[in-house]
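Asks: Before we start, here is the structure in question, set down as structure tokens.
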Amino acid sequence: CNNLTIQNTLRRILEAYFKMLGGIRLDQLYLKFEGDDRIKCKDLCSWVNNGSHSGGILSDEYYSPPDDATVERYLDVFKQIFEKHEQLSHYNMMMGIKTGED
């Protein structure tokens, strides 16, 4: 994964899988979460939108890619979205993760 493109990549995956195929808008994914996890999910959705829709003349000058810790934190929430929406088997397949169910 590339920290320069991770936000756009995650947004495109979430939109394609959940919005286009599942009929769930990005801003509604958090509804399956509770407490702090709900906030983390909303934060991830805001983060992927901000990072992939930035633009303008000076945007590159002020943009710095997220650090590895930030990316790891958001990748964990990304996985949780698939878990909460009962789509973990699809996540595992696309990530190349072998499970006992394979």
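Asks: Of all residues in segment 1-32, how many are in contact (Cβ under 8 Å) with a residue 40 or more places away in the chain, buried (at least 16 other Cβ atoms within 10 Å of the Cβ) and charged (D, E, K, R)?
Replies: 2
Asks: How do the pairs read when you match residues in segment 79-98 that are modelled with pLDDT of 95 or more and open to solvent by 50 Å² or more (accessible area, probe 1.4 Å) with residues anywhere that are hydrophobic (A, V, I, L, M, F, W, C) and not in a helix (DSSP H, G or I), using Cβ under 8 Å and keeping only pairs 6 or more apart or on different chains?
Replies: These pairs meet every condition: Lys84/Phe33.
Asks: So Asp102 fits all but one of (1) modelled with pLDDT under 95; (2) within 14 Å of the chain's Cα centre (by Cα); what number is the exception?
Replies: (2)
The values are calculated or read from the model by the stated rules, or taken from the named source; none is laboratory data. All values reported here derive from a predicted model rather than from experimental measurement. Using ideal geometry, Cβ is built from the backbone for each residue, glycine included, and neighbour counts are taken over all protein chains shown. Accessible surface areas use protein heavy atoms only, side chains included; no ligands, DNA or RNA. Shrake-Rupley method; radii C 1.70, N 1.55, O 1.52, S 1.80 Å.
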